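Just below is one structure, and these are the notes that go with it.
The values are calculated or read from the model by the stated rules, or taken from the named source; none is laboratory data. In this text the structure is predicted, and so the values were computed from the model without any measurement. Note that each Cβ is placed from the backbone with ideal geometry, even for glycine, and that neighbours are counted across all protein chains shown. Only protein heavy atoms, including side chains, enter the accessible area calculation; ligands, DNA and RNA are left aside. Shrake-Rupley method; radii C 1.70, N 1.55, O 1.52, S 1.80 Å.
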Amino acid sequence: MSDPEPPKKKRRGGARRKTGSQTCKARHNRCDEKKPVCSNCQRLNLECKPANFITPSSWTNAPTEPISIVEHEVNIDEMQMFPIQVDSAPENIFLGPEEPASTWDIFRTRIDGLDQVSDESPPSDVFTHLNLAVPSSDILPTTITTEAPITLTPETAFLLQTYLRTVATWMDLMCHSSTYQLTIPKLTLSSPLLFHCVCAFTAKYLSLSNRRSTNWDPTATHHYAIALRHLIHALNTPNHPHVLTATIMLSSYEIIAGIASEHHRRHLLGQTMLIKHHGINAQSTGIDRANFWIHVRHEIGFALTTGRPLMLDPEEWNVRWEEHETREDVLGNHVLWIVARVLKHLNGAAPFKMQQRAAFLQELDDWRSGLSDTFIGIPYGEADAEGFRKVYFTVTAAAAAAFWYHVTHILLYTEPTLQDESFKELVQDQAMRLTNIAISDFPDSLRVFATHGLYFAAKHIQGIARKARIWAILNDAEAELGYHTRSMVKKLQDLVEQSSS
């Protein structure tokens with residue numbers, strides 16, 4: 001026979017109270033809930049902070065047009081199911097006359113001698129250039145000593161939810177670990193820096209996209225400004241864990257906003273110095289690894305747009321590729337490493353010799369020979385009037401890798417000029433394959449990443465109707481997703497006019 005159960009102890013004082021003051025909760029004391037000041041706080045002369053599980057708040061910088069919560073898919077019931085104790089956001093942080101306008105402004109003032117550093121070759125000894133001293137009071141107010149608490153409102157909750165469905169997937173295109181979709185959101189409610197970066201990036205996407213009629217630009221600007229202020233504080237906090245992530249997200253904000261290319265070059269310079277400063281490379285893990293490869297994509301896109309060398313030399317990435325690798329994201333990053341090395345030769349001072357091009361073509365063939373069936377695009381449907389036909393890939397990262405495989409061939413065949421007359425048919429075949437992927441039904445993440453490669457497809461494909469079709473794809477990417485492409489289209493159209501004159 002089993003022993004009788006011991007009598008259950010009754011909780012002292014009755015049922016657990018959920019409305020006691022925050023001060024008593026923090027001190028693990030029972031609160032009598034006396035208003036306006038409870039007995040404990042009155043006796044000890046403490047500030048009696050009321051319980052505040054979810055702070056009701058008006059929308060920050062609400063747009064002029066009324067927006068219903070239903071339209072924005074904010075599920076208030078779900079918010080109440082998982083209560084979060086929050087406090088006021090740092091809405092009134094100010095920096096005085098030296099208010100930063102971009103990440104470049106911050107890097108310019110926080111990194112010693114950055115104005116004298118060459119864009120072509122950032123220093124490897126960045127410890128001598130990063131100025132981590134506490135800034136003067138006219139740059140950072142003395143009231144900001146730690147990151148302030150976060151306010152969660154219906155608007156910011158909507159932005160966090162929208163982030164997961166949209167721009168986070170762009171960042172995770174080559175990351176099967178889904179770092180920006182799974183890890184970053186867990187940090188946003190404990191890091192005001194990341195919170196405002198996420199809200200700014202998402203609101204900027206919404207402001208540029210035609211999928212929402214609401215004017216989100218004031219909201220984007222508001223969160224962007226606060227994020228910049230937090231970034232200044234983070235740069236002056238030794239070993240701050242989120243500095244690079246925040247810089248990557250703010251840089252992404254600036255990319256989709258179409259920041260002037262020369263300014264963005266300097267943003268990437270500061271980003272590169274942070275990567276070197278923290279010793280991050282292709283062998284890093286977790287968030288650092290995700291940030292490294294996103295930075296690589298930023299650099300490749302910028303190098304393709306401007307014809308400038310990459311600042312982070314691909315020979316220093318510390319890459320190691322395993323034989324018989326099967327993960328599509330890893331194999332896709334392998335292609336990016338090849339692209340980066342090709343661009344190093346194309347945009348470098350020394351001539352890109354034919355033997356070197358042939359070696360890269362062979363390397364691409366070797367890469368392709370070990371791929372699984374997930375990298376094979378399956379055509380479906382009928383070809384359209386221009387001869388393009390949609391293709392299906394089972395994994396989006398594989399489609400992106402195949403896309404850049406074709407882009408690299410075009411670069412090797414044609415840039416800066418056609419290398420051999422015998423390449424003409426090969427160029428047309430690669431351009432058609434690129435466009436077939438671009439017109440297919442793939443996630444927005446691939447549509448965004450494909451824009452720079454499509455520029456070269458449109459540049460070299462024959463026939464004005466086919467060129468115009470690619471221009472339309474690029475225009476749609478800006479109209480629907482907010483990703484800046486109009487300068488690419490204008491440049492392509494100018495090339496057509498020049499060739500016909």
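Some observations on this one:
- Test result for residue 306, over 17 Å from the mean Cα position of the chain (by Cα) and within 30 Å of residue 216 (Cα to Cα): yes
- Which listed residue, of 396, 408, is out of contact with any strand residue (DSSP E or B) (no Cβ under 6 Å at 6 or more places or on another chain), surrounded by 20 or more Cβ atoms within 10 Å (Cβ to Cβ), of a type in the set (Ser, Thr, Tyr) and closer than 24 Å to residue 167 by Cα: 396
- Restricting attention to the stretch 444-466 and to residues that are assigned to a loop (DSSP other than H, G, I, E, B) and at pLDDT 90 or above, the residue that is surrounded by the most Cβ atoms within 10 Å (Cβ to Cβ) turns out to be 461.
- Residues that are exposed (fewer than 12 other Cβ atoms within 10 Å of the Cβ) and in a helix (DSSP H, G or I) within the stretch 341-357 comprise 354, 355, listed in sequence order.
- Output for the stretch 470-501, where each listed residue is farther than 22 Å from residue 214 by Cβ and acidic (Asp, Glu): 494, 497
Let's see how each residue does on (1) among the β-branched types (Val, Ile, Thr); (2) open to solvent by 40 Å² or more (accessible area, probe 1.4 Å):
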| site | (1), (2) |
| --- | --- |
| 258 | no, no |
| 276 | no, yes |
| 284 | no, no |
| 306 | yes, yes |
| 311 | no, no |
| 317 | no, no |
| 325 | no, yes |
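- Residue match in the stretch 411-426 (condition: open to solvent by 40 Å² or more (accessible area, probe 1.4 Å), within 30 Å of residue 177 (Cα to Cα) and in contact with a helix residue (DSSP H, G or I) (Cβ under 8 Å, 6 or more places away or on another chain)): no
- Filter pass, residue 213 being among the hydroxyl-bearing types (Ser, Thr, Tyr), open to solvent by 10 Å² or more (accessible area, probe 1.4 Å) and at pLDDT below 90: yes
- Within the stretch 169-186, residues that are within 14 Å of residue 245 (Cβ to Cβ) have Cβ atoms under 8 Å from residues that are assigned to a loop (DSSP other than H, G, I, E, B) and open to solvent by less than 20 Å² (accessible area, probe 1.4 Å) in these pairs: 179/172; 180/172; 181/172, counting only partners at least 6 apart in sequence or on another chain.
- Residues of the stretch 478-501 that turn out to be under 22 Å from residue 298 (Cβ atoms), modelled with pLDDT under 90 and part of a helix (DSSP H, G or I), as a count: 5
- Taking (1) over 30 Å from residue 186 (Cα atoms); (2) in contact with a Phe, Trp or Tyr (Cβ under 9 Å, 6 or more places away or on another chain); (3) open to solvent by less than 20 Å² (accessible area, probe 1.4 Å) in turn, residue 380 satisfies each apart from (3).
- Residues of the stretch 179-203 that are open to solvent by 20 Å² or more (accessible area, probe 1.4 Å) and over 12 Å from the mean Cα position of the chain (by Cα): 182, 183, 185, 186, 187, 189, 190.
- The stretch 291-340: number of residues that are in a helix (DSSP H, G or I), more than 19 Å from residue 398 (Cα to Cα) and among the β-branched types (Val, Ile, Thr): 2
- Number of the condition not met by residue 418 [criteria: (1) in a helix (DSSP H, G or I); (2) more than 22 Å from residue 369 (Cβ to Cβ); (3) free of Cβ contacts under 8 Å to residues at least 40 places away in the same chain]: (1)
- Subset of the stretch 218-265 (residues that are among the hydroxyl-bearing types (Ser, Thr, Tyr) and either touching a residue at least 40 places away in the same chain (Cβ under 8 Å) or farther than 18 Å from residue 298 by Cβ (or both)): 219, 221, 237, 245, 247, 251, 252, 253, 261
- Looking across the stretch 431-443, the residues that are in a loop (DSSP other than H, G, I, E, B) and either open to solvent by 40 Å² or more (accessible area, probe 1.4 Å) or among the hydroxyl-bearing types (Ser, Thr, Tyr) (or both) come down to 440, 441, 443.
- Taking first residues from the stretch 266-282 that are over 13 Å from residue 302 (Cα atoms) and partners that are of a type in the set (Gly, Ala, Ser) and modelled with pLDDT of 80 or more, the Cβ contacts under 8 Å between residues at least 6 apart in sequence or on separate chains come to 271/251.
- The residue list 327, 368, 357, 297 contains one member that is within 19 Å of residue 450 (Cα to Cα), among the basic types (Lys, Arg), in contact (Cβ under 8 Å) with a residue 12 or more places away in the chain and touching a helix residue (DSSP H, G or I) at 6+ places or on another chain (Cβ under 9 Å), which is 297.
- Close pairs (8 angstrom Cβ cut-off, 6 or more residues apart or separate chains): at positive phi in the stretch 154-168, open to solvent by less than 20 Å² (accessible area, probe 1.4 Å) and in a helix (DSSP H, G or I) anywhere: none
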